[in-house]
Amino acid sequence: MADYLPHTDDDVASMLSFLGMASLDDLFAHIPDAVRLSGGLEVEPGMSEPDVAALFARYTGANAAKATAMTCFAGGGAYDHEVPAVVKMLANRSEFVTAYTPYQPEVAQGVLQAVFEYQTLVARLSGLPVPNASLYDAATALVEALNMAHGATGRQTMVISSGVHPHWRQVARTFARGTGHRIVEVPLRDGVTDWQSVDVTDVAAVVAAYPNYLGIVEDLSGAKALAVEHEALFVVGGDPVAAGVLKTAGQWGADVFVGEGQAFGTPLSFGGPYLGLFACSEAQVRRLPGRIVGETVDSSGRRAFVTTLRAREQDIRREKATSNVCTNQTLMAVTAAIQLGWLGTQGLREVATRCAQGAHYLYDELMGVDGVSAVSSQPFFREFAVRLSRRADEVISSMAESDVLAGLSVATLAGGDDPSIEDGIENVLLVAVTERRTKEEIDRYVELLKEALKR
């Protein structure tokens, strides 16, 4: 299942005719009968592509002494989602892989149209009307949202929920050392942001996570109210997969949406390159960072695509620019567009539903295990935190011996400390379940965790 096979029956017939053969059996006639498959494959009708891929991976795994890939239950901003074969095949076409920045529309219509379609899909995911042609990753997208808020309000204070991913917050703090932004982080209580504890002035942006980095689905009405009170921009750092079943950032009244697009067609890849999603309201379109692709007509009245609303030079005016970003992640953006187009609305809903169902099944099973307790009582999507009777990093190492990646240590993810976790942060494990995880894998996870906790 490594490749998508695009050949129609007519294509096959044409190739056989060129080779002077009557059937595919003739094509493989030189292979000895002893090594040819004589019966049918044990594939049940109606199996999904991920399940078929998993079945064939088990078949091929029988040829090796040990499987090379671990079963992944880690998340924390990068997820082991299925990448359909058709996405790999189309995204790896040379037209996309070798394409350079499309400054000259007369020679870049294909890439420009692909990016335009990507923008359309991001607009639908975010519920906001004006997306850009992507940014580097979610963390830098958040920084650009803060810069936008400063440009819109002239203020410097950025109020950020501690539920926003720790790495995103760290990048924001790093950039703030140069921009002069004041970062105010709002603590969590029982896993949700305590917006009532905020007492600040000069607010430019209010930033919430949906879901937050512990996987919890928060009610964002308090964050929105705080933004309205201070006439600040409301920024939502969202999980785009969750948009398949949850409200969009636009439905929460956000002015800006940022997110990580890795889940759509990009493998884990040791941390990158990934894809920063960004969309905003029409009121902020002139401050939108990076590139925007628009639709127009050429001199003959034909549909055409161009970069629009901003000049490249706008990004290099230094102190006069609201952003110095002048490129994007075109290949990752096109890949995301292909995967989203392949899934469609119903497909994305099914992926999100399967993630949520798997995560809740695993959570319920873990709550019956000695040495495992809940960190929060709040609802979650595909990711959740549990407190163990052992250090999380020790459990992760123990389960890795059985080729299972148990999750992430919250202490490691948060840089050693997070005031949102009351006590024993070193024992808190963050677990994620995607649509790739089967019931058998989840049940095995539970048994391996039981063994790891006894060591």
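The values are calculated or read from the model by the stated rules, or taken from the named source; none is laboratory data. Everything numeric in this text was worked out from a predicted model, so none of it was measured. For neighbour counting, all protein chains shown are included, and Cβ atoms are generated from backbone atoms with ideal geometry for every residue, glycine included.
Does T60 meet the test of being surrounded by fewer than 10 Cβ atoms within 10 Å (Cβ to Cβ) and hydroxyl-bearing (S, T, Y)? Spelling it out, it is not the case that T60 is surrounded by fewer than 10 Cβ atoms within 10 Å (Cβ to Cβ) and hydroxyl-bearing (S, T, Y). Within the stretch 321-345, residues that are in contact (Cβ under 8 Å) with a residue 24 or more places away in the chain and closer than 21 Å to T248 by Cβ reach partners that are aliphatic (A, V, I, L, M) and outside any helix (DSSP H, G or I) with beta carbons closer than 8 Å, at six or more positions or on different chains, in the pairs A333/A133; A333/L275; A336/L275; Q339/V83. For the stretch 74-81, the criterion of a residue being at pLDDT 90 or above and among the acidic types (D, E) is satisfied by at least one position. Condition first: more than 30 Å from G237 (Cα to Cα) and touching a Pro at 6+ places or on another chain (Cβ under 8 Å). Can you find one or more residues in the stretch 93-110 that meet it? Checking the stretch 93-110: at least one residue is more than 30 Å from G237 (Cα to Cα) and touching a Pro at 6+ places or on another chain (Cβ under 8 Å).
I want to confirm something. Restricting to the stretch 271-326 and keeping residues that are at positive phi and modelled with pLDDT under 90, which single residue is surrounded by the fewest Cβ atoms within 10 Å (Cβ to Cβ)? Lay out the reasoning, then the answer.
Initial filter on the stretch 271-326 (at positive phi): 271-272, 290, 301, 309, 318.
Those left that are additionally modelled with pLDDT under 90: 271-272, 290, 309, 318.
Numbers: G271: 10, G272: 14, G290: 22, L309: 15, R318: 7.
Here the answer is R318.
Residues that are more than 15 Å from G276 (Cβ to Cβ) and of a type in the set (D, E, K, R) were ranked within the stretch 113-137; the one that is farthest from the chain's Cα centre (by Cα) is E117.
Mind checking which strands (runs of 3 or more DSSP E) fall wholly inside the stretch 200-310 and carry at least 3 residues that are among the aliphatic types (A, V, I, L, M)? Even if it seems obvious, please write down each step before you answer.
Numbers: elements: 203-210, 233-238, 256-260, 276-280, 293-297, 303-307.
Once the strands (runs of 3 or more DSSP E) in the stretch 200-310 are filtered for at least 3 residues that are among the aliphatic types (A, V, I, L, M), what remains is 203-210, 233-238.
Quick one: which helices (runs of 4 or more DSSP H) lie wholly within the stretch 385-455 and hold at least 1 residues that are assigned by TED's automatic domain parsing to the domain that holds C355, under 25 Å from the mean Cα position of the chain (by Cα) and of a type in the set (S, T, Y)? Walk me through how you get there before you give the answer.
On the way: elements: 392-400, 410-413, 439-454.
Helices (runs of 4 or more DSSP H) meeting the threshold: 410-413, 439-454.
Among all residues of the stretch 201-216, there is none that is surrounded by fewer than 18 Cβ atoms within 10 Å (Cβ to Cβ), farther than 30 Å from A356 by Cβ and free of Cβ contacts under 8 Å to residues at least 12 places away in the same chain.
Among the residues of the stretch 1-56, how many are among the β-branched types (V, I, T), over 26 Å from L343 (Cα atoms) and assigned to a loop (DSSP other than H, G, I, E, B)? Don't jump to the end; show me each part of the working.
Filtering the stretch 1-56 for residues among the β-branched types (V, I, T) gives 8, 12, 31, 35, 43, 52.
Those left that are additionally over 26 Å from L343 (Cα atoms): 12, 31, 35.
So of that shortlist, the ones also assigned to a loop (DSSP other than H, G, I, E, B) come out as 31.
So the answer is 1.
For beta carbons closer than 6 Å, sequence separation of 6+ or different chains, a first residue in the stretch 405-421 that is under 14 Å from G75 (Cα atoms) and crowded, with 22+ Cβ neighbours inside 10 Å and a second that is polar (S, T, N, Q) and modelled with pLDDT of 95 or more, there are no qualifying pairs. Among the residues of the stretch 327-358, not one is buried (at least 24 other Cβ atoms within 10 Å of the Cβ) and among the basic types (K, R).
Taking every residue in the stretch 351-366 that is assigned by TED's automatic domain parsing to the domain that holds A406 and small (G, A, S) and pairing it with any residue that is crowded, with 18+ Cβ neighbours inside 10 Å and assigned to a helix (DSSP H, G or I), at least 6 positions away or on another chain, the pairs with Cβ-Cβ distances below 8 Å are A352/A242; A352/A243; A352/G244; G358/I442.
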